[in-house]
Structures are given as structure tokens and as C-alpha cells.
Ligand SMILES: [Fe+2]
Ligand SMILES: [Fe+2]
């Protein structure tokens with residue numbers, strides 16, 4: 001079996017391409033399930049109910065989030081109501097939503113999707129490593145296929161998480177930097193790993209936003225609106241092949257689709 005995880009979806013241009021292509025891609029690549037990071041799905045920041053519905057209807061089985069989770073207050077009701085969306089598990093207990101989602105895949109197997117967030121150059125939230133231990137302890141024993149979206153800034157931090165969870169989960173794939181890394185590999189314990197799967201958004205941009213807006217703010221320190229870029233849209237993600245009985249990863253491959 002295989003699954004695809006798509007990197008941070010940046011705004012409407014990326015959502016439009018996902019809506020157009022994902023059903024065919026699922027068939028072409030024989031994907032058992034598809035997950036995507038949606039922290040930037042609503043105009044580049046956050047999520048709301050309509051966009052959650054749009055991405056689910058397009059064929060995404062479960063959405064993960066990150067540091068932009070609560071940028072829109074509409075996200076709170078989505079996280080409280082919907083089961084197929086996770087926010088970083090190492091947020092405080094009082095935060096709306098949950099850090100893990102379990103759902104059925106083929107052959108009677110179930111899979112768990114976990115979301116964690118790094119602390120290096122990011123908000124000083126709870127420890128993601130201890131949060132991972134806690135969630136893995138709580139998962140039902142029959143859940144063998146476990147995918148972790150580690151939303152973090154530093155590649156070293158992501159490598160530590162991958163090595164720490166090697167043999168305990170099917171895959172640790174990074175998001176947040178919006179730039180795919182060329183380090184995909186299977187660790188000795190059978191965990192697929194990649195520092196970052198990249199972004200779904202404009203290749204003519206600064207990580208999905210219009211070049212001129214970001215450049216102006218960088219050069220002048222004047223705030224701008226950081227509009228979502230809408231040209232040369234590409235989807236970036238990673239495909240992991242796994243054994244549904246053992247949860248071990250068999251192969252990992254970077255994947256790209258241009259409009
Ligand atoms: Fe992002
Ligand atoms: Fe992020």
C-alpha cells in the first residue's frame with residue numbers, strides 16, 4: 001500500500017489544482033490514502049469550514065496543521081467538530097482540537113496520523129518528543145500504520161525526531177519550510193523519513209507569497225499584505241509505500257505535479 005503526504009497548501013491557487021487533479025492522481029499512483037498540511041490553506045494562513053470541506057471533497061483523507069493553526073478563529077469550530085483534522089499534539093491540553101486521528105484504510109487495517117511541532121526558532125510549546133511518546137502509548141495496539149507530520153523549522157530537529165521514532169512509526173515527514181529536501185530514506189527500524197516534503201503553491205514566489213510583497217517588507221521593514229502568489233503552481237509531496245500488517249515502510253519517493 002502507498003500513501004501521499006502533500007506539503008503546506010498555500011491558498012486558493014494550490015487548492016484549485018488539488019481539486020482538479022487529486023482524484024486522478026489517487027488512481028494513477030494507486031494511493032490508499034492522501035494527507036496534506038493545510039495550515040496555509042485559507043489565503044495563505046489558517047483554515048475554515050468551507051476550505052476543510054473543499055479539501056476533503058477533493059480527496060484528502062486527513063489534514064494536518066502547524067504554527068498557523070489558530071490564525072483564523074473559524075479554525076476552532078473545525079478542529080472541535082471534525083475528526084479528520086489534527087493540530088500539533090504538543091500544544092497545551094486546553095487548545096481546541098486533537099493531535100492524532102485514526103481511520104480505516106484497506107484490508108481491514110487502521111492508520112493513525114499524528115501532528116507535532118518543533119520548538120527550534122518557533123513558539124516555546126510543550127516538548128514534541130514527549131508528546132509523541134504519550135500519543136504512541138495511547139494508540140490501540142492494532143494500529144500499525146502510523147504517520148507523523150513533524151511541522152518544524154530546523155532540519156537537525158527533524159532528524160532527531162526521525163531517529164527517535166525509528167521503528168515505532170511508519171513515517172516521519174517534515175513540513176513548514178515549504179521547500180522539499182533531498183534526504184528521503186528508510187531508517188534501519190523501518191521508518192521512512194524526509195526533512196521536508198515541500199509546498200503546494202506558486203513556484204514564482206517566496207514560499208508561496210508574492211515576491212514583491214515579501215521583498216518590500218524585507219528591505220524596508222514596512223509591513224505588507226503578503227499576498228498569495230498565483231503563477232506556476234506546483235504540488236509537492238512524498239509517497240511512502242508500507243506494509244499494512246507490520247506498519248514498516250518499504251520505499252519513499254518525492255513527488256511533484258505542475259499545472
Ligand atoms: Fe506553512
Ligand atoms: Fe508552518
Pairwise label distance in nanometres, residue 227 with residue 98, each label 7 Å out on the Cα-Cβ vector | 4.1 nm
How high is the relative contact order of the chain, in percent, counting Cα pairs under 8 Å that sit 6 or more residues apart?
-> 19 percent
Using only Cα atoms, find the angle between the long axis of helix 128-138 and the longest principal axis of the chain, and express it within 0 to 90 degrees, rounded to the nearest 10.
-> 40 degrees
Just round it to a whole percent: the fraction of Cα-Cα distances in the stretch 20-165 exceeding 24 Å.
-> 32 percent
Sort the following peptides by mean Cβ neighbour count (other Cβ atoms within 10 Å, averaged over residues), highest first: 122-133, 189-200.
-> 189-200, 122-133
Subtract the Cα-Cα distance of residue 181 and residue 219 from 0.36 nm times their separation in residues, and report this length gain in nm to one decimal.
-> 10.9 nm
Descending packing, highest mean Cβ count within 10 Å first, for 151-162, 168-179 is 168-179, 151-162
Quick one: if you take sqrt(5λ) for each eigenvalue of the C-alpha gyration tensor of the stretch 168-259, what semi-axes come out, biggest first, whole angstrom?
-> 34, 14, 9
Would you compute the Debye intensity of the chain from its alpha-carbon atoms alone, equal scatterers and no solvent, and pass along log10 I(q)/I(0) at q = 0.07, 0.17 Å⁻¹ to two decimals?
-> -0.21, -1.35
In deg cm²/dmol, rounded to 500, what helix-only [θ] at 222 nm does the chain give when every DSSP H run of at least 4 residues adds -39500 (n - 2.57) and the total is split over its residues?
-> -8000 deg cm²/dmol
For the stretch 203-229 and the stretch 17-78, what is the separation of their C-alpha centers, rounded to whole Å?
-> 23 Å
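No lab work stands behind these numbers, since they all come straight from the coordinates. These numbers were taken from a predicted model, which means no experiment stands behind them. FYI the Cβ positions are ideal-geometry reconstructions off the backbone, even for glycines, and counts take in every protein chain you see.
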